[in-house]
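Below: one structure, written as structure tokens.
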Amino acid sequence: MKRNFVVAAGLMSVIFMIGFVHAPVLPVAAGAALACVWMVWRARRGR
């Protein structure tokens, strides 16, 4: 359940950055991918 909130918050920040701030798509997508990898790595390490 908590993971769903994290994913939703990440998606909303990406939509906000691209839609409202007109940030370039490629760096935002790269940052989101790195954050996702980091989150999965921390979750697996904590098991």
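From the square roots a ≥ b ≥ c of the eigenvalues of the alpha-carbon gyration tensor of the range 5-47, which class results: rounded (a/c under 1.5), prolate (a/b over b/c), or oblate? Present the calculation step by step, with values, prior to reporting the outcome.
Numbers: a/c = 5.64, a/b = 2.07, b/c = 2.72.
It is oblate, given that a/c is not under 1.5 and a/b is not larger than b/c.
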ask   = Using the count of nearby Cβ atoms within 10 Å as a rough guide to exposure, how do VAL6, VAL37, VAL28 rank from fewest to most?
value = VAL37, VAL6, VAL28
key: Pair ARG45, LEU26: separation of 7 Å Cα→Cβ label points (nm)   = 3.0
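Laboratory data are not the source of any read-out in this text; all were calculated from the coordinates shown. Quick caveat, the model's predicted, so the values are computed rather than measured. Every residue, glycine among them, receives a Cβ derived from its backbone with ideal geometry; neighbour counts consider all protein chains shown.
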